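Colleague: My questions all concern the structure below.
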Amino acid sequence: MNNSEIDQDIIDRIKKLEAKYEAMGQDMSSYLDGLLHADFLKYWDYINLDSLLGLQQPKTDFPDEMIFIIYHQSTELYFKLAMWELKQLHEHVHPDLKFFTARVKRLNNYFEHLCHSFSIMTDGMEREQFLQFRMSLLPSSGFQSGQYRMIEIGSTSLINLVNKDKRDEVSEDSSLEELYDAIYWKTGATELKSGKKTLTLQHFEEKYSKEFMRLAEDVETTNLYALYQKHYANAEGNDELKAELRKYDLLANVDWPLAHYRSAVRYLHKDPVDIAATGGTNWQKYLPPRFQGVIFFPELWSEEERRDWGKHWVIQQLGGKH
């Protein structure tokens with residue numbers, strides 16, 4: 001077959017490949033030989049299916065523990081996707097409005113899926129099994145999801161993550177260390193009786209605190225809140241972005257913790273021995289959105305909405321029960 005019988009598009013591509021490898025000082029023929037000898041890519045190899053399916057290692061013989069493991073592993077993968085979108089925004093420094101809005105929409109898609117899928121946890125396990133196998137997992141807790149805390153740090157300024165009861169003690173002039181020390185989730189892992197840090201929190205801080213602080217420093221001027229304030233708060237045509245940011249605020253700070261709260265009520269409510277399954281943490285005060293009042297983008301909400309943060313959605317989701 002001569003060149004005249006070869007599709008011109010193929011010839012053009014070969015020339016581009018030749019120029020590419022020549023620029024790198026490489027021999028294109030060697031790479032073509034490698035392509036000829038390479039095996040076809042298979043689905044199970046591409047996604048490392050065998051490795052993925054081997055990552056579930058229950059600690060007990062209760063069948064429903066498998067549900068518990070797989071759901072949390074799936075959640076962490078969605079968190080990784082969320083962090084991937086945030087990373088793109090942080091690196092752009094000044095992303096254009098269309099790019100910014102598109103990434104926030106992706107974040108909302110991930111969190112909508114997570115919130116809707118939580119019924120797998122709420123309704124998908126037998127309570128008796130859960131309370132048995134959960135005791136074998138202490139002191140670990142979903143509270144220890146480092147990725148979720150990184151999403152929070154990447155979404156807003158640390159001052160917006162300060163414990164509601166400590167907001168009078170800090171200001172925008174406070175150091176990152178002071179703000180981190182007052183971050184809201186630390187009070188969610190204190191012992192009910194003594195108020196001391198649980199082992200759950202101690203382990204969590206030992207593993208992640210330095211990483212959290214590095215991230216806070218890296219994104220101090222490029223977290224979503226900072227980017228919005230600097231570039232888009234007063235920009236024309238920002239209505240869609242504002243709507244998506246408000247939606248993200250509700251999904252991450254109302255719907256998501258509320259989904260956890262409903263699950264905790266189902267599995268852990270009332271019986272003191274059940275509370276031990278959380279490592280003794282005060283989830284009753286930690287999970288309900290109205291107690292934390294965490295808002296990523298406070299300027300996008302009215303004073304009344306901030307004051308009653310989450311109240312409407314809590315009442316709606318819990319069927320009118322306070």
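Colleague: In sequence order, what are the phi-derived ³J(HN,Hα) couplings for region 144-155 according to the Karplus relation 6.51 cos²θ - 1.76 cosθ + 1.60 with θ = phi - 60°, rounded to whole Hz, with x for glycine and proline?
Modeller: Those phi angles translate into 7, 6, x, 4, 5, 5, 5, 4, 4, 5, x, 9 Hz.
Colleague: Go through region 214-270 and name the trypsin sites (Lys or Arg not before Pro) that are in a DSSP coil and have 12 or fewer other Cβ atoms within 10 Å of their Cβ.
Modeller: Working: sites: Arg214, Lys230, Lys242, Arg246, Lys247, Arg262, Arg266, Lys270; in loops: Lys270.
Here the trypsin sites (Lys or Arg not before Pro) that fit, given the DSSP loop and packing criteria, are Lys270.
Colleague: Calculated from the structure, percent of Cα pairs over 39 Å apart equals which of [x] 10; [y] 27; [z] 15?
Modeller: Of the listed options [x] 10; [y] 27; [z] 15, [y] comes from this structure.
Colleague: On a 0 to 90° scale, report how tilted helix 8-23 is relative to the longest principal axis of the chain, with both axes built from alpha carbons and the result rounded to the nearest 10.
Modeller: 70 degrees
Colleague: Would you tally the net charge around His90, using a Cβ to Cβ cut-off of less than 11 Å, leaving His90 out, and scoring K and R as +1, D and E as -1?
Modeller: -2
Colleague: Would you mind checking the pairs Lys59/Lys186; Lys87/Lys193; Lys98/Lys210; Lys166/Lys247; Lys193/Lys247; Lys80/Lys247 and listing those with alpha carbons more than 31 angstrom apart?
Modeller: Values: Lys59/Lys186 27 Å; Lys87/Lys193 40 Å; Lys98/Lys210 34 Å; Lys166/Lys247 26 Å; Lys193/Lys247 37 Å; Lys80/Lys247 20 Å.
Violating the 31 Å Cα-Cα cut-off are Lys87/Lys193; Lys98/Lys210; Lys193/Lys247.
Colleague: What is the sum of charges around Ala23, taking Lys and Arg as +1, Asp and Glu as -1, for the other residues whose C-beta is under 15 Å from the C-beta of Ala23?
Modeller: Once all neighbours under 15 Å are counted, the net charge is 0.
Colleague: How far apart, in nm, are two points set 7 Å out from the Cα along the Cα-to-Cβ line at Lys105 and at Leu49?
Modeller: Rounded to a tenth, the inter-label distance reads 3.2 nm.
Colleague: Follow-up question, since we're still on this one. Calculate the FRET efficiency for Leu36 and Glu299 from the Cβ-Cβ distance with a Förster distance of 41 Å, rounded to the nearest 0.05.
Modeller: 0.10
Colleague: Take the alpha-carbon centre of region 136-191, take the same for region 7-29, and report the distance between them in whole Å.
Modeller: Spelled out, the Cα-based centre of one part sits 53 Å from the other.
Colleague: On a 0 to 90 degree scale, rounded to 10, what angle separates helix 199-218 from the longest Cα axis of the chain?
Modeller: Between the helix axis and the principal axis of the chain, the angle is about 50 degrees.
Colleague: For a paramagnetic label modelled at 7 Å from the Cα of Glu91 toward its Cβ, which residues of region 112-154 fall within the zone defined by backbone nitrogen distances under 18 Å?
Modeller: Under 18 Å, as judged by backbone N against the label point of Glu91, lie 151, 154 of region 112-154.
Colleague: Select from region 153-183 those GluC sites (Glu not before Pro) which occupy a DSSP coil region and have at most 10 other Cβ atoms within 10 Å, ordered by residue number.
Modeller: Glu172
Colleague: How much length is gained if the chain between Leu199 and Ser74 is pulled fully straight, taking 0.36 nm per residue apart and subtracting their Cα-Cα distance, in nm to one decimal? Before the final figure, lay out the partial values.
Modeller: Working: separation 125, 0.36 × 125 = 45.00 nm, distance 2.53 nm.
So the chain would gain 42.5 nm between Leu199 and Ser74.
FYI, it's all coordinate maths here, none of it is from the lab. Small disclaimer: the values here were computed from a predicted structure and weren't measured. All Cβ positions, glycine included, derive from the backbone under ideal geometry; neighbour counts span all protein chains shown.
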